[in-house]
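Derivation of every value follows stated rules applied to the coordinates shown; laboratory data play no part. What you see is a predicted model, and the numbers here were worked out from it, not measured in a lab. Glycine also receives a Cβ, built like all others from the backbone with ideal geometry; neighbour counts cover every protein chain displayed.
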Amino acid sequence: MIPAPALVVPEPAVTFTISPETAVSAPPAAAAVAAGLGSLADDGPVRLQLTDTDGLGPEGYRLEITASGVSLRAAEPAGLFWGVQTLRQLAAGDGVLPGGVIEDRPRFAYRGAMLDLARHFFTPAEIKAHVDLLVQFKINHLHLHLTDDQGWRLEIPGWPRLTETGGGPGTGCDGAGPGFLTLAEYSDVVAYAAQRFVTVVPEIDMPGHVNAALVAYPELTADGQPVPPRTDAEVGYSSLVAGKEETYAFVEAVLKTVADATPGPYLHIGGDECLSTSAEDYRTFLARVLPLPGKYGKRAVGWHEIAAADLPEGTVVQYWRPEEQNPAVDAAAAAGREVIMSPADRVYLDMKYDASTPIGLDWAGLVPVERAYDWDPARRLPGVPEESVLGVAAPLWSETLRGPADVQFLTFPRLPAVAEVGWSPQERRSWASFRERVAAFGPRWEAAGVAYFRSPEIDWPAS
Ligand code: NGO
């Protein structure tokens, strides 16, 4: 099982075999959760129930497998859904479930994966297929990086040129990743994810990483002159102008549209690598913009550079640069702000596994599977203790990606490692155990056509 459950009490001599014909009962609120597990019925040997689970929390579940059947209980449908993922892993192959009791709940509330749609666009069908692979490991947030220098991937009514020029042919890195989501497609993806208990976190990156917006609307540039589109992978050269009112009309229109289309609680405003924005302009800009998510009912999230500004209550800081100390992030945590841990040298899925990895980057070093696994989010920054860690998230930037197979190659098996970092108690985790457990997924990924990396760190069964 990945992630390793919080508590497992095996009953060695006992098994129960599940098949598509096994009768499965579930409360109406969780019927969709049980679909595909067996045959839905009013009663049967496999029972899903919504009940009090003695403090296992909104995502926790209790699973008991005896010779006569299976009982899965949770306080909320989300808990039943994660319990079903555990059952599916246990049943993989022959349907024989090992007897015993599992009591499980996540260590952190936020377990995320990020997909960069700006440097290379992925279609709604590709995003949905990715969600289906992520939820097997109890990932519950999908962060979509929707805008950057090389592309603008979400329709914003009233601002049509954003997607006409930022989503058209020739956009993305090397011009190889055109496309954008209409608002209806975005909502459809959000709903698909929500049915699988995944919250979409949309990101509109600003005040830097905005060349695509400046190309579309030259009135947003400092001198009002047009700028050329860019398809290279440079960073830090574009900026919204802190001293122009046009900037804030644009930002507010965009953030309101995205907030209205997003049921989840978070709105990510980027804030990273504003190398062509002065420190003063950066703070001026954020003083105007950071309150906007709150105005529209959301919590602002930003890359950790935002910790240089005054952070409204509820703002979430996403730590990413692979440094061992960050006094500004420490101070934000001390002031009660929550932190999402995404250290690039551990969880950036776009880093190469090793020197021979054909795609990916290496600016934060190589990230073999063990490196993605063997760290503790509550010990990464001295001033960010367990209570300040909202969770763990693995970004996948798409400068070098050209399709879904590239996404899968960099995601598996590292994402399961990060999923366990975010879910399992630290004392239940060990690399020796993980590398054995993850090996069993190789044949399953092969059967499902998932283009995972057969890392030499793992003794995969022969394929
Ligand atoms: C950085 C940068 C991104 C790059 C990525 C590549 C952040 C937060 N900003 O991470 O624009 O795509 O590295 O690894």
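Remarks
- Computed Rg/Rh of the chain, alpha carbon atoms with Kirkwood Rh: 0.98
- Straight-distance crosslink candidates among aspartates and glutamates, where the alpha carbon sits under 12 Å from Lys295 and sequence neighbours closer than 8 are dropped: Glu252, Asp260
- Cα Rg over Rh - region 63-131, Kirkwood: 1.11
- Cβ charges +1 (Lys, Arg) and -1 (Asp, Glu), total dipole of the chain, debye: 680
- Scalar couplings 3J(HN,Hα) for region 67-75, obtained by applying the Karplus form with A = 6.51, B = -1.76, C = 1.60 to θ = phi - 60°, are 5, 9, x, 10, 10, 10, 10, 7, 6 Hz; x denotes Gly and Pro.
- Cα coordinate range in region 7-104, projected on the principal axes (Å, largest first): 30, 28, 20
- Placing +1 on the Cβ of every Lys and Arg and -1 on the Cβ of every Asp and Glu, with nothing else charged, gives region 369-447 a dipole about its Cα centre of roughly 120 debye.
- Fraction of beta bridges assigned by DSSP in the chain that are antiparallel (%, nearest 5): 30
- Charge dipole of the chain about the Cα centre (unit charges at C-beta), most positive-ward option of Leu415, Leu183, Ala261: Leu415
- For the chain, the residue among Val367, Gly449, Ala333 whose Cα projects farthest onto the positive side of the dipole built from Cβ charges is Gly449.
- Using the Karplus relation 6.51 cos²θ - 1.76 cosθ + 1.60 with θ = phi - 60°, the per-residue 3J(HN,Hα) values for region 155-168 come to 4, 10, x, x, 10, x, 5, 3, 8, 4, 8, x, x, x Hz, with x marking Gly and Pro.
- Partners of Lys128 within straight-line reach, counting lysines whose Cα lies under 25 Å from its Cα and excluding those fewer than 8 residues away in the same chain: Lys138, Lys256, Lys298, Lys352.
- Relative exposure of Glu305, Glu21, judged by other C-beta atoms within 10 Å (fewest first): Glu21, Glu305
- Separation between Cα centres of region 243-269 and region 289-325, rounded to whole Å: 14
- Alpha carbon convex hull of region 296-363, volume per residue in cubic angstrom: 99
- Rounded to 10°, Cα long-axis angle of helix 124-135 versus longest principal axis of the chain: 50
- Net charge dipole size for region 312-425 [Lys, Arg +1 and Asp, Glu -1 on Cβ; Debye, nearest 20]: 200
- Here region 436-463 is scanned for amide nitrogen atoms under 18 Å from the site 7 Å beyond the Cα of Asp374 along Cα-to-Cβ, giving 436-439, 455-460.
- Ordered by the count of other Cβ atoms within 10 Å of each Cβ, fewest first, Thr357, Thr15 give Thr15, Thr357.
- In terms of the mean number of neighbouring beta-carbon atoms within 10 Å, the peptides 100-108, 370-378 order highest first as 100-108, 370-378.
- Region 424-463 and region 39-86 have Cα centres lying 26 Å from one another.
- Cβ-based exposure ranking for Glu59, Glu246, Glu64, in which fewest neighbours within 10 Å come first: Glu246, Glu64, Glu59
- Peptides 159-167, 49-57 ordered by packing proxy, namely the average of other Cβ atoms within 10 Å per residue, highest first: 159-167, 49-57.
- Candidates Pro322, Leu154, Val200 compared by Cα position along the dipole of region 110-427: farthest toward the positive end lies Val200, with charges placed on Cβ.
- Helix-only arithmetic for the chain: the sum of -39500 (n - 2.57) across DSSP H runs with n ≥ 4, divided by the residue total, places the mean residue ellipticity at 222 nm at -8500 deg cm²/dmol.
- ³J(HN,Hα), Karplus 6.51/-1.76/1.60, whole Hz, each residue of region 307-313, x for Gly, Pro: 5, 6, 9, 6, 9, x, 3
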